[in-house]
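To keep things clear, I will list the structure first and then write my remarks on it.
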Amino acid sequence: MGSKSREKGKRGERQFAALCREYGYNAYRTAQVMGKDGGEPDVQGLPYLHVEVKNAERHQPYDYMAQANRDAKPGMMPVVAMKRNNHG
């Protein structure tokens with residue numbers, strides 16, 4: 001994955017975390033090292049949710065949900081937050 005793509009992903013995660021904070025949650029972006037996150041959600045601080053954030057032009061919701069289902073720990077509900085490139 002190129003650096004522009006990584007930066008775009010980080011930006012989307014920060015935006016989603018900020019939106020959650022506006023609604024009163026203590027949400028924050030999970031620090032992920034070299035793409036190996038050990039199944040940690042992209043955004044933490046949302047009770048009982050395993051959140052994957054996707055910021056892309058073409059969405060693949062079934063693939064994203066499969067990842068969230070695979071990575072969610074027992075008792076956590078998998079959630080995918082998607083945003084299309086260059087859109088609000």
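Data overview
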item: Restricting region 41-74 to residues that are part of a strand (DSSP E or B) and not hydrophobic (A, V, I, L, M, F, W, C), the residue that is modelled with the lowest pLDDT; result: 55
item: Some residue of region 75-84 being at pLDDT 95 or above, loosely packed, with under 11 Cβ neighbours inside 10 Å and in a helix (DSSP H, G or I); result: no
item: Cross-chain or 6+ apart pairs with Cβ under 7 Å, region 54-76 first and at positive phi, then of a type outside the set (S, T, N, Q); result: 75/48
item: Among (1) modelled with pLDDT under 95; (2) touching a Lys or Arg at 6+ places or on another chain (Cβ under 7 Å); (3) not acidic (Asp, Glu); (4) not in a helix (DSSP H, G or I) - the single one residue 38 does not satisfy; result: (2)
item: Test: residue in region 11-24 that is among the aliphatic types (A, V, I, L, M), modelled with pLDDT of 95 or more and not in a helix (DSSP H, G or I); result: no
item: Residues (surrounded by 13 or more Cβ atoms within 10 Å (Cβ to Cβ) and either of a type in the set (D, E, K, R) or free of Cβ contacts under 8 Å to residues at least 40 places away in the same chain (or both)) located in region 7-17; result: 8, 10, 11, 13, 14, 17
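The values are calculated or read from the model by the stated rules, or taken from the named source; none is laboratory data. Please read these numbers as outputs of a predicted model, since none were measured by experiment. Ideal geometry is used to build each Cβ from the backbone, glycine not excepted, and the neighbour counts take in all protein chains shown.
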